[in-house]
Amino acid sequence: MSNKKREEKLQQIKDAINNSNELSEEEKSEAIRLIEEWYAEDRGFEQLVADMEALEAKIADFLRRLGFD
């Protein structure tokens, strides 16, 4: 999913929470805080995976040059 689509989906969720008649303002605030926290963690995990993949490529090249195939 592209960043733009993720941001749009996040905004839709926030809007749905804010427009809810069943949640108090405190519950809405807490729900949005948790959603934003989960979103940030998800983004961080994706970055970690990308960084690890880049590192793996460098390590594999280094090991190949040392004769470990």
When you go through Glu56, Glu27, Glu8 one by one, which is the residue that is free of Cβ contacts under 8 Å to residues at least 12 places away in the same chain, surrounded by 10 or more Cβ atoms within 10 Å (Cβ to Cβ) and in contact with a Ser or Thr (Cβ under 9 Å, 6 or more places away or on another chain)?
Glu27
Is it the case that Lys5 is modelled with pLDDT of 95 or more and either in a helix (DSSP H, G or I) or among the aliphatic types (A, V, I, L, M) (or both)?
no
Specify which of the listed residues (Leu48, Leu34) is of a type in the set (A, V, I, L, M) and within 20 Å of Gln12 (Cβ to Cβ).
Leu34
Evaluation of Leu63 against (1) exposed (fewer than 11 other Cβ atoms within 10 Å of the Cβ); (2) part of a helix (DSSP H, G or I) (one fails), failing number
(1)
Given the condition out of contact with any strand residue (DSSP E or B) (no Cβ under 6 Å at 6 or more places or on another chain), at pLDDT below 95 and in a loop (DSSP other than H, G, I, E, B), answer yes or no: does some residue in the stretch 12-19 qualify?
no
Mind listing whichever residues of the stretch 20-47 are among the aliphatic types (A, V, I, L, M) and outside any helix (DSSP H, G or I)?
Leu23
Could we say that Glu41 is surrounded by fewer than 10 Cβ atoms within 10 Å (Cβ to Cβ) and of a type in the set (D, E, K, R) here?
no
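The values are calculated or read from the model by the stated rules, or taken from the named source; none is laboratory data. Because the structure is predicted, anything quoted here is derived from the model rather than measured. Note that we place each Cβ from the backbone using ideal geometry, even for glycine, and neighbour counts take in every protein chain shown.
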